[in-house]
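Taken together, the values in this text are just the output of simple stated rules run on the coordinates, not laboratory data. Given the structure is predicted, the values throughout are model-derived calculations rather than measurements. Ideal geometry is used to build each Cβ from the backbone, glycine not excepted, and the neighbour counts take in all protein chains shown.
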Amino acid sequence: METNRDTEIFLAYSNKDRPWVEQFSSALRDAGIKSWFDVANLAPGTSLEEQLESALRISRTFVLILTPNSIGNPTTLFELGAAIADNKRITPVVAQEFDRKRSPIRLDRYQFFEEPSAQEAGKRVAAALQKAAA
């Protein structure tokens, strides 16, 4: 599936957290929020790197799923840097407790959503995005 201008959010996460992110993405979709989640959006034979870059570029909001797996992940940190440089809305979601001292310093300025339930986190983020758009 190609990305398009209707992509609302880009999900950044560690592959080790994929089951949680799948449920989170499903909750967003149920609430009417479009997200770019690589597993759901990549067609066989497409370039992952090109699709990631395109989806990140056109998304309005960058959701960073924070867990011990993602906090030091070089790809996740690169995506965060690109989102900050492009003035995206940054939404950190704490899915699993991690050492906050390892958090990138730039995240301190953003309000965190702390919710271990993927379904509840998806509902809360969707509600916040819908409220901000109103």
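Among the GluC sites (Glu not before Pro) in segment 38-134, those located in a DSSP loop and surrounded by at most 11 other Cβ atoms within 10 Å of their own Cβ are Glu97. Tell me the net charge near Ile90. Cut-off is 10 Å between Cβ atoms, Ile90 excluded, with +1 for each Lys or Arg and -1 for each Asp or Glu. Summing Lys and Arg as +1 and Asp and Glu as -1 gives +4.
You can think of it this way: the chain between Lys101 and Arg29 has 22.7 nm of extra reach, that is 0.36 nm per residue less the Cα-Cα gap. Checking every one of the chymotrypsin sites (Phe, Trp or Tyr not before Pro) in segment 17-77 against DSSP loop status and a limit of 12 other Cβ atoms within 10 Å picks out no site at all. Derived scalar couplings between HN and Hα for segment 66-80 equal 9, 8, x, 6, 8, 4, x, 6, x, 5, 4, 5, 4, 4, 4 Hz in order, rounded to whole Hz, by the Karplus curve 6.51 cos²θ - 1.76 cosθ + 1.60 (θ = phi - 60°), x for Gly and Pro. Lys-Lys pairs in the chain that are eight or more residues apart or on separate chains and whose Cα atoms lie under 25 Å of each other come to 11. Looking at segment 69-122, the chymotrypsin sites (Phe, Trp or Tyr not before Pro) that sit in a DSSP loop and have at most 16 other Cβ atoms within 10 Å of their own Cβ are Phe98, Tyr110, Phe112. Think of it as helices only: each DSSP H run of n ≥ 4 in the chain is worth -39500 (n - 2.57), and spread over all residues that comes to -12500 deg cm²/dmol at 222 nm.
Our summary gives the chain a relative contact order of 30 percent, counting only alpha carbon pairs under 8 angstrom and 6 or more residues apart. Rounded to whole numbers, the Karplus 3J(HN,Hα) couplings from phi for segment 94-99 are 8, 8, 8, 4, 8, 6 Hz, using 6.51 cos²θ - 1.76 cosθ + 1.60 with θ = phi - 60°, and x at Gly and Pro. When the charge dipole of the chain is built from unit charges on Cβ atoms (+1 for Lys and Arg, -1 for Asp and Glu) and taken about the Cα centre, the candidate among Leu42, Ala133, Val63 whose Cα reaches farthest toward its positive end is Ala133.
For the chain, a crude dipole built from +1 on the beta carbon of Lys and Arg and -1 on the beta carbon of Asp and Glu, taken about the Cα centre, is about 420 debye to the nearest 20.
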